[in-house]
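Have a look at the structure below, then the notes.
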Amino acid sequence: MTEVFFLLLANLILSLALFLLLWGVSIAIRDPSFIDSWWGLGVVVLAWASYLQPDEKSPHGLLLAALATAWGLRLGVFLLWRWRKHGHDRRYAKMFERAKAKQGWNFATTSLLYVFLPQLFLQIIMALPVQISQITANTIPPLGALAYAGAALAAFGILYEAIADAQLAAFKADPANKGKLMDRGLWRYSRHPNYFGELCTWWGIYAVAAETPFGLWSLPGPLLITFLLTRVSGAPTTEPHLQKTRPEYAEYKRRTSSFIPLPPKA
C-alpha cells in the first residue's frame with residue numbers, strides 16, 4: 001500500500017500544478033468553461049503518469065492506459081471544440097453570479113474554489129482504476145476473462161458516447177433544427193446516450209482493473225462518475241433547462257428511458 005500512496009501523491013502534485021496553470025489561463029480569458037475538456041485530457045495524463053512510475057509494467061496497466069487515452073482524447077478534443085464553437089458555458093455563468101451575490105467573491109476566487117479545485121479532486125478519485133491498478137505488487141497476472149470483458153465494455157462505451165455526441169452536434173449544426181428537441185438516432189432510445197456510454201466505459205475499465213492486486217480498491221472511481229452523471233452534473237443540470245426551453249420535452253421524457261437504451265414507450 002505504500003507504493004499506492006506515493007503514486008497517488010505524485011499524481012496529486014502533478015495534477016495540482018496543471019490545474020493551477022489552467023486556473024491562471026481562466027483568469028486571463030475570464031472564462032473557465034474550457035476546463036470541461038481537461039476532464040478527459042487530464043485523465044490521459046494521470047493514466048500515463050501512473051503507468052510510467054512503477055518499475056514493473058503489466059499488460060493490465062498498458063491496456064488501462066490505452067483505454068483511458070482513447071476515452072480521454074476523444075472526449076477532451078470534442079469538448080474543447082464545443083467550447084471554441086459555442087463559447088462560455090451558461091452553467092458556469094450562473095455559478096459565478098450566485099457566488100458574487102452570496103459571498104461577494106471575485107472571478108479568480110470563484111474560479112479556484114468552485115471550478116478548478118473540486119474538479120482536481122474529483123478527477124483523481126474518478127481515475128483511480130487507471131492509477132492504483134498500475135502497482136503490480138511483485139505479481140504480474142496475465143489478462144483474464146474479466147479484463148477482456150471489461151475492455152470490450154469500455155470500447156463499446158467509448159464508441160457509443162462518440163456516436164451520441166456526433167449525432168447531437170450534427171443535429172444542432174443544422175439551422176432547420178433550431179429550437180427543436182433532439183430525439184433521433186441513439187437519442188430515441190435514451191435521453192442521455194452519451195452518459196450511458198461514459199458509464200459503460202468506466203465500469204469496463206474498473207473490470208480490467210479488478211484483476212490487478214489493488215484494482216478492487218478503485219471502486220470509488222466508477223461509483224463517483226455514476227453519482228455525478230445521474231445525480232449532480234449530468235442529467236440534473238441538463239433536463240431542467242430543456243424542460244423550460246422545449247415544451248415537447250415532457251412527452252419525450254415520458255416515452256424515453258433515462259440512461260439505459262430501451263424501445264420508446266407507446
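The values are calculated or read from the model by the stated rules, or taken from the named source; none is laboratory data. Keep in mind it's a predicted model, so treat the numbers as computed, not measured. Reconstructed Cβ throughout: ideal geometry from the backbone, glycine too, with neighbour counts over all protein chains shown.
Conditions tested, residue by residue: (1) more than 18 Å from T136 (Cβ to Cβ); (2) in contact with a strand residue (DSSP E or B) (Cβ under 9 Å, 6 or more places away or on another chain); (3) touching a residue at least 24 places away in the same chain (Cβ under 8 Å).
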{"position": "A66", "(1), (2), (3)": "no, no, no"}
{"position": "W71", "(1), (2), (3)": "yes, no, yes"}
{"position": "L79", "(1), (2), (3)": "yes, no, yes"}
{"position": "K85", "(1), (2), (3)": "yes, no, no"}
{"position": "A93", "(1), (2), (3)": "yes, no, no"}
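Does the range 220-266 hold any residues that are closer than 16 Å to G185 by Cα and among the hydroxyl-bearing types (S, T, Y), and which are they? Outline the logic, then answer.
In the first step, residues of the range 220-266 are kept if they are closer than 16 Å to G185 by Cα; the result is 252-253, 255-265.
Within the range 220-266, Y252, T256, S257, S258 qualify.
Is the range 117-126 home to any residue that is part of a loop (DSSP other than H, G, I, E, B), modelled with pLDDT of 95 or more and crowded, with 21+ Cβ neighbours inside 10 Å?
Within the range 117-126, the first condition is being part of a loop (DSSP other than H, G, I, E, B), and the residues that meet it are none.
No, that holds for no residue.
Out of the range 191-217, which residues are surrounded by fewer than 24 Cβ atoms within 10 Å (Cβ to Cβ) and either among the basic types (K, R) or more than 19 Å from F78 (Cβ to Cβ) (or both)?
Across the range 191-217, the qualifying residues are R191, W203, A207, A210, E211, P213, F214, L216, W217.
Taking the range 167-179 on its own, how many of its residues are of a type outside the set (G, A, S) and in contact (Cβ under 8 Å) with a residue 60 or more places away in the chain?
Residues of the range 167-179 that are of a type outside the set (G, A, S), as a first pass: 167-168, 171-172, 174-175, 177-178.
Going one step further and asking which of them are in contact (Cβ under 8 Å) with a residue 60 or more places away in the chain, we end up with none.
Total satisfying the criteria: 0.
Mind checking which helices (runs of 4 or more DSSP H) fall wholly inside the range 175-266 and carry at least 1 residues that are within 23 Å of the chain's Cα centre (by Cα)? Show your work before the answer.
On the way: elements: 193-209, 220-227, 235-245, 249-255.
Result: 193-209, 220-227, 235-245.
If Q134 satisfies all but one of (1) polar (S, T, N, Q); (2) under 19 Å from G234 (Cβ atoms); (3) more than 20 Å from the chain's Cα centre (by Cα), what's the number of the condition it fails?
So Q134 meets the others, but not (2).
Out of (1) surrounded by 16 or more Cβ atoms within 10 Å (Cβ to Cβ); (2) modelled with pLDDT of 95 or more, the odd one out for P220 is which?
(1)
Could you tell me which of the residues S111, S133, S50 is touching a Ser or Thr at 6+ places or on another chain (Cβ under 6 Å), more than 28 Å from I29 (Cα to Cα), crowded, with 17+ Cβ neighbours inside 10 Å and of a type outside the set (D, E)?
Values: S111 fails: more than 28 Å from I29 (Cα to Cα); S50 fails: touching a Ser or Thr at 6+ places or on another chain (Cβ under 6 Å).
None of the others qualify; the one that does is S133.
With the requirement that a residue be in a helix (DSSP H, G or I) and more than 21 Å from the chain's Cα centre (by Cα), what does the range 26-58 give you? Break it down into steps so the answer makes sense when it comes.
First, pick out the residues of the range 26-58 that are in a helix (DSSP H, G or I): 26-29, 35-52.
Within the range 26-58, I27, A28, I29, L52 meet the criteria.
Kindly establish whether A176 is closer than 30 Å to P142 by Cβ and not charged (D, E, K, R). Working first, answer last.
On the way: closer than 30 Å to P142 by Cβ: no; not charged (D, E, K, R): yes.
Here the answer is no, as A176 does not meet what is asked.
Give the residues of the range 85-107 that are at pLDDT 90 or above and surrounded by 13 or more Cβ atoms within 10 Å (Cβ to Cβ), sorted by residue number. Reasoning before the result, please.
Applying the first criterion (at pLDDT 90 or above) to the range 85-107 yields 106-107.
Within the range 85-107, F107 is the sole residue that qualifies.
On the basis of being farther than 26 Å from L219 by Cβ and surrounded by 21 or more Cβ atoms within 10 Å (Cβ to Cβ), does S58 make the cut?
On the way: farther than 26 Å from L219 by Cβ: no; surrounded by 21 or more Cβ atoms within 10 Å (Cβ to Cβ): yes.
Spelling it out, it is not the case that S58 is farther than 26 Å from L219 by Cβ and surrounded by 21 or more Cβ atoms within 10 Å (Cβ to Cβ).
Pick from the range 223-239 the residues that are surrounded by fewer than 13 Cβ atoms within 10 Å (Cβ to Cβ) and modelled with pLDDT under 85: which of them is farthest from R91 (Cα to Cα)?
Looking at residues that are surrounded by fewer than 13 Cβ atoms within 10 Å (Cβ to Cβ) and modelled with pLDDT under 85, I get P236.
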